[in-house]
1. Taking a ≥ b ≥ c as the square roots of the eigenvalues of the Cα gyration tensor of segment A:26-165, is the shape rounded (a/c under 1.5), prolate (a/b larger than b/c) or oblate?
2. Calculate the mean, over all residues of peptide B:17-24, of how many other protein chain Cβ atoms lie within 10 angstrom of the residue's Cβ.
3. Sequence neighbours fewer than 8 away in the same chain don't count; with that in mind, list the aspartates and glutamates whose C-alpha is under 13 Å from A:K163.
4. Choose one of B:L9, B:G74, B:T54: the residue whose Cα lies farthest towards the positive end of the charge dipole of segment B:1-104 (beta-carbon charges +1 Lys, Arg; -1 Asp, Glu; about the Cα centre).
5. Please compute the average number of Cβ atoms from other chains found within 10 Å of each residue's Cβ in peptide A:14-22.
6. From a point 7 Å beyond the Cα of B:D106 in the direction of its Cβ, which residues of segment B:33-57 have a backbone N at a distance under 17 Å?
7. Compute the separation of the alpha-carbon centres of segment B:81-108 and segment B:125-140 and state it in Å as a whole number.
8. Taking 45 Å as R0, compute the FRET efficiency from the Cβ-Cβ separation of A:H119 and A:A36 and round it to 0.05.
Amino acid sequence: MSEAESELVQSITTPLRLEYQYTAGVASTRFLRGMADGKILGQRCPQCEKVYVPPRGSCARCGVATDLEVQVPGTGTITTFCVVRIPSDSLDIDPPFVAAHILLDGADIPFFALIQECHFDEVRMGMRVEAVWVDAEDLGPTFESIRYFRPIDEPDAPFESYKEHL
Amino acid sequence: MASGDGGLLSASHIVEYPYRRSTGPVMGRFFAALRDRRFEGVKTARGRVLVPPTEYDPQTGEAADEMVPVGPGGVVTTWAWVSHPRAKHPLNHPFAWALIQLDGADTAMLHAVDTGVESAMQTGMRVTPRWRAQTVGSINDVACFEPEGTS
Ligand SMILES: [Zn+2]
């Protein structure tokens with residue numbers, strides 16, 4: 001490498017920062033206030049009867065408002081998952097760890113959550129899990145009121161029970 | 001929880017991507033020159049001088065790697081006035097974003113021009129760079145451009 005080349009600038013930082021004000025809307029506000037009470041609230045579509053957790057206020061399939069509120073339990077099934085092996089400054093958890101799609105009992109769409117209290121290579125599709133909440137005094141209107149999900153001592157859910165939710 | 005309790009929830013949400021980009025041999029020279037408070041462009045096989053430089057002639061796709069000095073002065077070819085600068089803008093008082101064609105270049109590059117007032121901005125005006133006290137090899141080594149003869 002010549003002397004001139006060695007003086008090249010090799011890289012530049014180009015940080016991107018986007019500042020939003022996020023307003024949750026009626027349905028998500030209900031869900032988040034439920035979180036502060038240690039409850040998981042969803043909404044049922046009056047037409048197809050699917051239960052959305054978290055609710056968005058309408059059914060994407062039917063295009064109608066979902067105004068019927070339902071509470072679902074903190075237990076559910078892992079439909080699919082990935083093992084994260086790349087650390088990130090924004091996560092205070094050491095890899096490898098598992099991020100899973102969890103279909104709560106009574107819900108019709110899965111959502112992403114962290115799996116803990118088991119070795120990452122024991123996690124599997126169909127595994128039964130439950131929510132672990134923060135201490136009562138730390139509950140707040142945020143999804144972080146659920147710390148993570150952990151396995152429960154139940155047989156795996158059969159593939160047929162969640163195959164349409166993958 | 002009690003119905004009718006509280007209004008809609010709202011919170012600030014900030015997304016940040018701390019990208020680091022490889023500059024390559026041509027942009028690497030351009031940024032190295034900025035660190036030395038100089039401008040360099042690239043001369044294509046057809047003799048056009050591109051600033052900022054690219055590794056290829058965008059019209060023919062031919063490789064371009066002959067670096068040539070340009071500037072430091074130049075001409076404003078077009079501009080837009082920013083009345084209310086935002087947090088990440090290069091200046092915290094009103095300024096212009098302008099395309100500046102440096103002397104010896106055939107293309108114009110985007111940078112800020114500080115004239116203080118909009119009425120002092122003019123297409124065709126001559127400008128000169130205001131360099132930062134510390135340079136690191138970044139386009140921000142040029143704090144902004146200012147009308148020629150200001151300082
Ligand atoms: Zn529906």
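1. It comes out oblate by the Cα gyration axes.
2. Neighbouring Cβ atoms belonging to other protein chains average 5 per residue here.
3. Straight-line reach from A:K163, under 13 Å: A:D108.
4. Towards the positive end, the residue furthest out is B:G74.
5. The per-residue average across the peptide is 6.
6. B:40-57
7. 12 Å
8. Plugging the Cβ-Cβ distance into 1/(1 + (r/R0)^6) gives 0.90.
The values are calculated or read from the model by the stated rules, or taken from the named source; none is laboratory data. None of the values given here were measured: they were computed from a predicted structure. Quick reminder, even Gly has a Cβ in these numbers, built from the backbone with ideal geometry, and neighbours come from all protein chains shown. Each accessible area value is taken on the protein alone, full model and side chains, heavy atoms only, with ligands, DNA and RNA left out. Shrake-Rupley method; radii C 1.70, N 1.55, O 1.52, S 1.80 Å.
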